[in-house]
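The values are calculated or read from the model by the stated rules, or taken from the named source; none is laboratory data. The structure displayed is predicted, hence computed values, not measured ones. All Cβ positions, even for glycine, are placed from backbone atoms using ideal geometry, and neighbour counts span all protein chains on display. Side chains are part of the model used for accessible areas, which takes the heavy atoms of the whole protein and leaves out ligands, DNA and RNA. Shrake-Rupley method; radii C 1.70, N 1.55, O 1.52, S 1.80 Å.
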Amino acid sequence: MEVCAGDIDSVYAAAQGGAARVELCSALYEGGITPSASFIRKAREVHGLKVHVLIRPRGGDFLYTPVEINMMCEDIRIAVDSGADGVVIGALDREGRVDKDACAKLMAAANGIAVTFHRAIDMCRDAFEAIEDIAELGCNRILTSGLASSAYIGADMLRHMQIAAGKRMIIIAAGGVNAENATDIISRSGCMEIHASARQKVFSGMLFRRDSVSMGAKDVDEYSRLSTNINEVRSIVEAISNVPY
């Protein structure tokens, strides 16, 4: 199980709940962007977890400018220098195909550590063409919901994608994974790895509050946030431990 961790508390919860790996990111409400170097280094200190780092300079689409690609290469080098076990990348061209030139530059910057191609594949024109392109690039994994709104809905497509990937890459089932559906997703898709945020709302400890001011979008609650819950992680891990492979 891989946990999508947007803060250091989530990393601790992932480790204590029995996850094998975390994907570090910030701004989960935007689908995730690259986390800080200090976050990577602090997560790397947590015993028993592999640490993969999302490389994404902004929210929105996956069509990047040359300047953004250069930024992503630099972020990869920072992640590597900070001790990351892997990075999570992805870029598409205007036609919805894998941007092989851009991704080749990102692969080169990764310098041999594990690379996952992220859910940009769920926004591509042809998933099976993308799988071949991603395999050619040398990625180790693909993170995907099976081109659906959740891995549960996309489980049949996930199975077809895993068959197409064969032994070349691992397909990670992602999107709406929880303790209630994880075993069914694995059984139907044949995926050996799953990805979940396992989050719950955490309320602020602030006593003084100025509710009339918002730091972000209008009507956003500034005194709560979503963070990974240790019990949810543990429940998912326990559920999938009983699935026969």
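Conditions tested, residue by residue: (1) open to solvent by less than 70 Å² (accessible area, probe 1.4 Å); (2) modelled with pLDDT under 95.
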| residue | (1), (2) |
| --- | --- |
| E132 | no, no |
| A148 | yes, no |
| H160 | no, no |
| E180 | no, no |
| S214 | yes, yes |
| N229 | yes, no |
| R234 | no, no |
Result of the Cβ filter at 6 Å on region 98-114, keeping first residues that are free of Cβ contacts under 8 Å to residues at least 40 places away in the same chain and partners that are assigned to a helix (DSSP H, G or I) and among the acidic types (D, E), at least 6 apart or interchain, is V98/D133; K100/D133
Pairing a residue in region 199-221 that is over 30 Å from S235 (Cα atoms) with any residue that is assigned to a strand (DSSP E or B) and not acidic (D, E), where Cβ atoms lie under 9 Å and the two sit 6 or more apart in sequence or on different chains, gives none
The number of residues in region 182-212 that are in contact with a strand residue (DSSP E or B) (Cβ under 8 Å, 6 or more places away or on another chain), closer than 30 Å to V243 by Cα and open to solvent by 30 Å² or more (accessible area, probe 1.4 Å) is 6
- Return yes or no: is G138 over 30 Å from S10 (Cα atoms) and open to solvent by 30 Å² or more (accessible area, probe 1.4 Å)? no
Only one of D99, D122, D85, D156 is out of contact with any Cys (no Cβ under 8 Å at 6 or more places or on another chain), farther than 27 Å from G190 by Cα and acidic (D, E), namely D99
Taking region 102-124 and keeping only residues that are over 15 Å from A135 (Cα atoms) and of a type in the set (S, T, N, Q), one is left with N111
Filter pass, R125 being within 24 Å of G216 (Cβ to Cβ) and either open to solvent by 20 Å² or more (accessible area, probe 1.4 Å) or not in a strand (DSSP E or B) (or both)
no
For region 14-39 the number of residues that are in contact with a strand residue (DSSP E or B) (Cβ under 6 Å, 6 or more places away or on another chain) and among the aliphatic types (A, V, I, L, M) is 6
Cβ pairs under 8 Å, 6+ apart or interchain, first in region 165-176 and more than 7 Å from I142 (Cβ to Cβ) and open to solvent by 10 Å² or more (accessible area, probe 1.4 Å), second among the basic types (K, R) and assigned to a helix (DSSP H, G or I), ordered by first then second residue, are G175/R119
